[in-house]
Amino acid sequence: MPHHKQDELSVADARKEVHEASTSASPPPAQEKRGLALINFFSSFLGPKNPLAHPADPRKHTVWLLNNTAYQPVNEETDEIQLCWHAEVVACIFETEGRKDVGNLVAAIADYIGLDGELGGDDEARQRITERVQPFLNQVSPARTVTLQVPISRPAQSHGLGPSDRNGIVSQTVDMGRVGIYDGEVLRPRLQHFGDEAVSMSTTFAAPEGWLVVSDIDDTIKHTKTLDPTGVIRTTFADIPAPISGMPELYRYIHAEFCPAWFYLSASPYNLYPFLHDFLDEHYCPGTLVLRDYSWMDITGLIKSFTEKTQEYKVDRMEKIRRWFPRRRVLCIGDSTQKDPEAYAEMYSRYPDWIHAIIIRKVTDVAHMEEKNEPERFEKAFEYVPSHIWTVFEDPEELYDFVDGLGMEDQAL
């Protein structure tokens, strides 16, 4: 899960601080808090049986539960479907009283994108920057446990999660057993002791067979300007997020035709989950949002998260999705700014019976895209992918016939 960068302390320095904090007769409050944080950090390396783990406290901790998709495992050797339902649950745990010093970073971002010069100091834009940058500054909380309540029976199922790792993250597969539930049903698990709706999530149940969409976000369905550092910062932190024209309508059409399971696979860092979740909730079909296990401490780091090793990252995440749904037919949708064509082609080469279609948006509203949009680039990427499997488009209106062609598969079965 996310590799959240901690303060740059050597191990020796950290041990010294822990020792001083634990042996001092009456340490100053700040030093005591620092010592406890370091103890929790190092104890988080002990894993699930960590004896120093403690339950998260609703008065002291903020928890995110990320929406997910439940699946019924398939034994690929025997092709046997297990009737129990599993789901990977991801929880991010932060200290509620985290860093409050957002002012300098907000000012730096506003200056970087020329907010003052162009807009004369847009108060609403500054407020958006403040809200979106805060998750990057929150102190993570290692070695914490939580209890998930799943309203799938009466009483609700109870599942212990954690402890959180050194990044404050819990990533754990929950077995909900054999329960009568239908494909596409949605439940709202929540955290015990955190209020009925204060910390909840949506779990969508997806049967082993059917369609599945893997969709990129940035410059595929949302304007991000991935190749322009200033554009990335502006669209990520200051602007009201804007969908690509025609894509919400296309996705609704795909959903109506195939009722697929939706996975939104982005190279954005996980700290942007609330921002991107709200964007998808407003404009697109509900689904599972998969974000990069990467955080940052400066603007350069954020840009890298969008651009470094994106092919390897996306292939790795798609391998996990395939382990959950090996019998579903997959439609991949991406764009030309990064390595979506190459990543999807690589997955096709591995699993040609799994990938049924690949759609790539040719991005023309970002500078310096000439080479990435050359026909030769796509021909090379899809050299070993049959021509009827993939297509490149500029206007979503071009895709409806292609999507209708996919529907012919259902009629042939």
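For segment 170-209, filtering for residues that are touching an Asp or Glu at 6+ places or on another chain (Cβ under 6 Å) and exposed (fewer than 14 other Cβ atoms within 10 Å of the Cβ) leaves 1. In the set Thr230, Thr220, Thr236, only one residue is of a type outside the set (Asp, Glu) and open to solvent by 10 Å² or more (accessible area, probe 1.4 Å); that residue is Thr230. Of the listed requirements (1) within 30 Å of Ala261 (Cβ to Cβ); (2) open to solvent by less than 20 Å² (accessible area, probe 1.4 Å); (3) modelled with pLDDT of 90 or more, Ala143 misses just one: (1).
Residues that are within 13 Å of Phe306 (Cα to Cα), among the hydrophobic types (A, V, I, L, M, F, W, C) and not in a helix (DSSP H, G or I) within segment 252-275 comprise Leu265, Ala267, listed in sequence order.
Output yes when any residue across segment 365-387 is small (Gly, Ala, Ser), free of Cβ contacts under 8 Å to residues at least 12 places away in the same chain and surrounded by fewer than 21 Cβ atoms within 10 Å (Cβ to Cβ), and no when none is.
Step one: list which residues in segment 365-387 are small (Gly, Ala, Ser), which gives 367, 381, 387.
Narrowing the set further to residues that are free of Cβ contacts under 8 Å to residues at least 12 places away in the same chain leaves 387.
Then keep just the ones that are surrounded by fewer than 21 Cβ atoms within 10 Å (Cβ to Cβ); that gives 387.
Yes - at least one qualifying residue is present in segment 365-387.
Among the residues making up segment 194-219, those that are part of a loop (DSSP other than H, G, I, E, B) and closer than 24 Å to Tyr71 by Cβ are Val199, Met201, Ser202, Ala206, Ala207, Pro208, Glu209, Gly210, Asp216, Ile217. From the list Arg59, Arg99, the one residue that fits, being modelled with pLDDT under 85 and either in contact with a Pro (Cβ under 6 Å, 6 or more places away or on another chain) or in a loop (DSSP other than H, G, I, E, B) (or both), is Arg99.
The values are calculated or read from the model by the stated rules, or taken from the named source; none is laboratory data. A quick note: this is a predicted structure, and the numbers were derived from the prediction, not measured. Note that each Cβ is placed from the backbone with ideal geometry, even for glycine, and that neighbours are counted across all protein chains shown. Just so you know, the surface numbers come from the protein's heavy atoms only, side chains and all, with ligands and any DNA or RNA stripped out. Shrake-Rupley method; radii C 1.70, N 1.55, O 1.52, S 1.80 Å.
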